[in-house]
């Protein structure tokens, strides 16, 4: 098991990053957890941490949440969960890492004229389905989710707030799937209960700090730094995943 001190610092740091950009932090955290835990344990611990971070981020940004988007997005998420319940798919570590790393590149290679604006009719449930399906495979799908928001007319605060609610729902779905529905397909997690108790307040603290830093940025800086960070993280994760796959 990873050192509790290192885990605590990484949870705090990644929650801060997510608090600023509404993404990226979860990608980094999932990459770390997959390296030191089994897939099942990583999914569960990541789910608790990110549900706490995103849920708290939604609370402190509640005045900027666009609730109609949340409602229709949840419909798509529920459909994806139902599909995974039928197929009972559980990825291995190499699959998780390669998928994680590829997500930013796929997200930013999609043409802007594709029309994936989250505020358009029928786009939100499609987003919910795609992002939740990827979350159940890779543990996180923030960069893909961002594609549906970056071309929308929403402000950075509305983006962060609304994404926080949808991501909370996705991580709760992941906890349900890996904690209950797919538990019989995975080895026991063997994580002490206090680990889950520890990460939640740290995620909330990092989220608070991230919110303070978000308020100091403008929309141009917000989108520029998001893309750069995600490209770097994605490259590292793909390399790690390929090395793990070749070492089988």
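The values are calculated or read from the model by the stated rules, or taken from the named source; none is laboratory data. Small disclaimer: the values here were computed from a predicted structure and weren't measured. Every residue, glycine among them, receives a Cβ derived from its backbone with ideal geometry; neighbour counts consider all protein chains shown.
Here are some notes:
- Residue 241 falls short of the stated requirement of being at pLDDT 85 or above and under 17 Å from the mean Cα position of the chain (by Cα).
- Condition check for residue 16: more than 14 Å from residue 166 (Cβ to Cβ) and in a helix (DSSP H, G or I): yes
- Any hit, segment 112-120, residues being modelled with pLDDT under 90, closer than 27 Å to residue 37 by Cα, out of contact with any strand residue (DSSP E or B) (no Cβ under 7 Å at 6 or more places or on another chain) and surrounded by 14 or more Cβ atoms within 10 Å (Cβ to Cβ): no
- When residue 104 is tested against (1) surrounded by fewer than 22 Cβ atoms within 10 Å (Cβ to Cβ); (2) touching a helix residue (DSSP H, G or I) at 6+ places or on another chain (Cβ under 6 Å), exactly one condition is not met: (1).
- Verdict on residue 216 being under 24 Å from residue 57 (Cα atoms), modelled with pLDDT under 85, out of contact with any strand residue (DSSP E or B) (no Cβ under 6 Å at 6 or more places or on another chain) and assigned to a helix (DSSP H, G or I): no
- Selection status of residue 73, crowded, with 24+ Cβ neighbours inside 10 Å and at pLDDT 90 or above: yes
- Hits in segment 49-89 (condition: more than 21 Å from residue 157 (Cβ to Cβ) and outside any helix (DSSP H, G or I)): 88, 89
- Segment 92-113, residues that are within 23 Å of residue 42 (Cα to Cα) and not in a helix (DSSP H, G or I): 92
- Unique residue being on the phi < 0 side of the Ramachandran plot, crowded, with 23+ Cβ neighbours inside 10 Å and either out of contact with any strand residue (DSSP E or B) (no Cβ under 8 Å at 6 or more places or on another chain) or outside any loop (DSSP other than H, G, I, E, B) (or both) when the list is 129, 149: 149
- The lone exception for residue 172 - which of (1) at pLDDT 85 or above; (2) over 17 Å from the mean Cα position of the chain (by Cα); (3) in a helix (DSSP H, G or I) it fails: (2)
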